[in-house]
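In what follows, a single structure is set out as structure tokens and then discussed.
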Amino acid sequence: MNGTQSRGLLWFVLFISVIFMTAFDSSNQSTRATWLWQTETIQDGGQEVLDYAENQNINHIYLRIDLTQPEEMYQTFVRNAHERGIAIDALAGHPYWAREDGQERLLRFANWVVNYNSGSEEGERFAGIHLDIEPYVLEEWEEDSESIIRSYLTNLEQFLDVVNQDPSLTSAIDLPFWYDQYDTPDHSGEPLIQWFMNKFDHITLMAYRDKANGDNSIYHVIEQEMEWSEEYDAEIIVGVNAKPMPGEEHTSFAGKSRETMEEVLSEVSSSLQGYRNFAGIAVHDYVYWSILGDSGTGNPIDPEPSPEPEPSPGPEPSPEPEPSPEPEPSPGPEPSPEPEPSPEPEPSPGPEPSPEPEPSPEPGPSPEPEPSPEPDSYRGTYIWQAEQVIYDSERVLEFLQEKNVNFLYVRLDLEQPFELYRNFVSQAASMGIEVHAMGGHPIWGLEENRPRIARLINYVKEYNQNASELEKFHGIHLDIEPYTNEAWHNDRDRVLTEWAANMEYFAQETKKDSDLETSADLAVWLDTYELPGKNMSVSEWMIQTLDHISLMAFRDTAEGSNGIAAVVAQEMEIADRLGKPLLVSVEMKESHEGDHITFYEEGAAYMEAELAKLPALLAEYEAYQGYVIHSYDYWISSKP
């Protein structure tokens, strides 16, 4: 009797053990993943990231790879994650990788991951290699999507050949659900998304919606894809978004509570359990997920609007008391954000429009050599899209060298890690190009948004503290233009006062413990406005307060009563008296304020001829130090 009871007890214990082992077998766990774009967060081993992952039951992280970082950094992080039962994929990608000339970079990444795994211990290896390419943001996509798709798939075939050298490495890719609108070339009407299902091990469908079921819901937009997935072996991860999407709030959980998102994700998982290849959920991304508010609250941090507006002083406002023939600028909308190459919501109604068109190639060489700057003078430009210096630095630097540029304002995406800028800044410096970090927005002119200025200052200071001499930014440049705020029309004196206070703060804080130069863009007509309480014009106060000013002298002739030299004369006199340098900024962007504002209609050769006149026309002013062409995007695609 006792023997029978003992055997029964033993069988019961074994049964319970099997149940527990099955329940906690990671291979049976549903994926709960996130994207980690900020590689610098793992430099100390990434314990803070992993603590958050454990707290949120995240068991898979897509980690963006910076190839300039040591392998030991990744080995430490992957080992720490492995010990907690968290898988790490190596993540990278850029729209350019879909083009023929992008294949080399794609394969460089694939080979790096394969070689990394082969040289690492088992617990230090990446579980998979993960792509986020999104070729539909290329300008060419709208013109000829089929050609882009062909080169894209060709590149991916080569990529998979490399990845398959490591049998332990899974292949994964982010895809929009609306790829079912496109056919696979030479595959008899096969929906494009099925090609990926046949080739990749894991697919993350970017189902960017904020509700689980019903019209235009997560389930609704991927139902067809889930049906098709039954014919393939690829596991399907459903991606949702926590990044703010102004104007497209239905595509994100930003502004909603973490509890609300979790309820929706639970409902999505329940709805998709019937599909054998449904493997879990991924939330984009770690940063935005981590700042979602608790129950009843939205994001506690107001993300920086990005990209910031480009300088556009617009028509000069009417000076008082004498009216000008040109009207005041009307308020402009605040731009919607678009930082790192993160998964995009689907287009409506067609494919996703490009947030930043791929620069078109520079026209064929001119018989005349490109102008060189005068001795001790600057010839510069603006770069507004941070991703251009991060992902396309070779093309940018080649253009800058060809055009003999020696001065540069570069807008920074403050969500990006420091290391993404180091290579570009150091290469530019070695070419004799002085690089200034740039930021700004009309709302930065209001006191309530001073923390945004502080954030830029702190970012650049910390970056420089951790950079070599060649990698350091020379200064910080602001483009604010508060006259595009509605408040300018309602209470101009208040806006001017708050703007000046913010600029004074900018100058003082930047100079604390740094030798960074301070500068800003300034419309030439601001010399007609007196700064309240200062007994001087806005222009004079700004020139006095900052290290240098770029005067937005947006005219298309150097000479004449309304030419570049004439409209900057008063500021030159002020700067001479104060002993401050000035740069002259000119426009190449198409303008609807009149052809006299820009060189867009005339083209680059005409612009160069007019700029060549400035040294002689402004020779009497010691303040004149050169010119800046707005901007790289419009210059590189300008008429010859």
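Table for the structure above
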| read-out | value |
| --- | --- |
| Where Y219, Y74, Y624 fall by accessible area, highest first, once all protein chains stay in place (1.4 Å) | Y219, Y624, Y74 |
| Among beta bridges that DSSP assigns inside region 499-633, antiparallel share in %, nearest 5 | 5 |
| ³J(HN,Hα), Karplus 6.51/-1.76/1.60, whole Hz, each residue of region 135-144, x for Gly, Pro | x, 5, 8, 6, 4, 5, 4, 5, 7, 7 |
| FRET efficiency estimate (nearest 0.05) - Cβ-Cβ, A501 to S269, R0 41 angstrom | 0.20 |
| Charged-residue dipole, Cβ positions (Lys, Arg, Asp, Glu), region 167-232 about Cα centre, Debye nearest 20 | 260 |
| Within straight-line cross-link reach of K511, lysines at Cα separation under 27 Å, skipping those fewer than 8 residues along the same chain | K461, K472, K534, K580 |
| Percent accessible area from carbon and sulfur atoms, region 112-189, protein chains only, probe 1.4 Å | 39 |
| For peptides 489-501, 509-521, 415-427, sequence by mean Cβ density within 10 Å, most packed first | 415-427, 509-521, 489-501 |
| Residues listed by number, region 156-182, amide nitrogen under 16 Å from S30 label point at 7 Å toward C-beta | none |
| 17 Å Cα-Cα reach of K613 towards aspartates and glutamates, excluding residues that sit fewer than 8 places from it in its own chain | E368, E370, E374, D376, D556, E559, E587, E602, E622 |
| Burial ranking of peptide ranges 37-49, 471-483 (average Cβ count within 10 Å, highest at the top) | 471-483, 37-49 |
| Set of lysines with alpha-carbon distance to K243 below 25 Å, sequence-local pairs under 8 removed | K211, K256 |
| Relative packing of peptides 378-387, 260-269 - highest average C-beta neighbours within 10 Å first | 378-387, 260-269 |
| Accessible area in square angstrom per residue, region 428-579, 1.4 angstrom probe | 37 |
| Per residue, in Å², the accessible surface of region 219-290 once ligands and nucleic acids are set aside, probe 1.4 Å | 38 |
| Charge dipole magnitude, Cβ of K and R +1, D and E -1 - region 146-258, Cα centre, debye nearest 20 | 680 |
| Farthest toward positive dipole pole in region 444-502 [+1 Lys/Arg, -1 Asp/Glu at C-beta], among L478, V460, W499 | V460 |
| Net charge dipole size for region 111-194 [Lys, Arg +1 and Asp, Glu -1 on Cβ; Debye, nearest 20] | 380 |
| Net lengthening on full extension, Q570/Y606 (0.36 nm per residue, minus Cα-Cα) | 10.4 nm |
| Largest to smallest accessible area among D51, D576, D174 [probe 1.4 Å] | D51, D576, D174 |
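The values are calculated or read from the model by the stated rules, or taken from the named source; none is laboratory data. Quantities reported herein were computed from a predicted structural model and do not represent experimental measurements. As a convention, Cβ positions derive from the backbone with ideal geometry for all residues, glycine included, and neighbour counts pool all protein chains shown. SASA here: full protein model, heavy atoms, side chains in, ligands and nucleic acids out. Shrake-Rupley method; radii C 1.70, N 1.55, O 1.52, S 1.80 Å.
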